[in-house]
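What follows draws every value from the coordinates through simple rules; no lab data is involved. A quick note: this is a predicted structure, and the numbers were derived from the prediction, not measured. Note that each Cβ is placed from the backbone with ideal geometry, even for glycine, and that neighbours are counted across all protein chains shown.
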């Protein structure tokens with residue numbers, strides 16, 4: 001099987017369902033940004049972090065593939081069965097954040113991204129996740145998008161923020177708090 005098809009050489013691509021759209025189409029931007037996020041989460045996942053976080057990040061990557069396949073489908077023409085996102089996927093992120101927050105110090109300041117490489121990767125992934133969420137909310141205003149997708153992306157960006165704090169805590173690196181000039 002060849003990886004190249006040459007069908008996109010003129011700047012169009014196909015959605016699941018066969019609809020041809022320009023590569024700058026909002027739907028393509030959405031799932032492309034989710035793919036970018038997935039790649040950054042893969043980068044975090046292969047760092048020297050606890051096995052629990054590695055496993056959860058792998059599960060998140062799976063959910064992001066689910067989201068990508070949903071966003072890649074033409075909601076009016078696709079007949080293909082694609083995986084679903086479940087409310088339990090959202091609850092898992094909330095449960096994980098609650099568990100991390102049990103051990104983290106209270107949040108009294110805004111946190112500047114940074115501290116060490118892993119923490120920085122978490123913040124970059126969080127920012128990409130927020131962009132994916134914004135794009136997906138925009139798409140949902142124009143076309144059908146499963147509401148669990150936007151909710152999941154919202155929780156995932158929160159999770160990535162808390163994960164950055166936990167990675168900082170676990171490595172003994174002080175959080176980079178923002179103290180505004182006055």
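Springs between Cα atoms under 10 Å define the GNM used for the chain, and in it the highest mean-square fluctuation of 30, 122, 46 occurs at 46.
Our summary of shape: the Cα atoms of segment 43-135 have principal axis extents of 49, 26, 23 Å, ordered from largest down, in whole angstrom.
Jot down the per residue volume, in cubic angstrom and as a whole number, of the convex hull over the alpha-carbon atoms of segment 110-150.
Numbers: hull volume 3.0 nm³, N = 41.
Each residue corresponds to 73 Å³ of Cα convex hull volume.
Packing, taken as the mean count of other beta carbons within 10 Å per residue, orders the peptides 11-19, 59-67 from highest to lowest as 59-67, 11-19. Axis angle, to the nearest 10 degrees, between helix 87-103 and the longest C-alpha principal axis of the chain: 20 degrees.
If R0 is 30 Å, the Cβ-Cβ spacing of residue 76 and residue 54 corresponds to a FRET efficiency of close to 0.15. Given a Förster radius of 45 Å and the C-beta distance between residue 178 and residue 25 as r, what FRET efficiency does 1/(1 + (r/R0)^6) yield to the nearest 0.05? The calculated FRET efficiency here is 0.75. In a solvent-free Debye calculation with one equal scatterer on each Cα, what is log10 I(q)/I(0) for the chain at q = 0.14, 0.15, 0.17 Å⁻¹, listed in the order of the q values? Calculated log10 I(q)/I(0) at the listed q: -0.80, -0.89, -1.07.
Against the longest alpha carbon principal axis of the chain, how many degrees, from 0 to 90 and to the nearest 10, is the axis of helix 117-142 turned? Between the helix axis and the principal axis of the chain, the angle is about 40 degrees.
What angle, in degrees between 0 and 90 and rounded to the nearest 10, separates the Cα long axis of helix 26-45 from the longest principal axis of the Cα atoms of the chain? On a 0 to 90 degree scale, this one is about 40.
Quote the relative contact order of segment 1-124 in percent (integer), defining contacts as alpha-carbon pairs under 8 Å separated by 6+ residues.
That works out to 27 percent.
Taking the chain as a Gaussian network of alpha-carbon nodes connected by springs under 10 Å, the highest mean-square fluctuation of the residues 79, 23, 58 belongs to 79. The GNM of the chain, with springs linking C-alpha atoms under 10 angstrom apart, assigns the highest mean-square fluctuation among 145, 137, 21 to 21.
Fully extended, how many nm does the chain gain between residue 110 and residue 98 (0.36 nm per residue separation, minus their Cα-Cα distance)? Could you put the intermediate results ahead of the total?
Values: separation 12, 0.36 × 12 = 4.32 nm, distance 1.89 nm.
Roughly 2.4 nm would be gained on extension.
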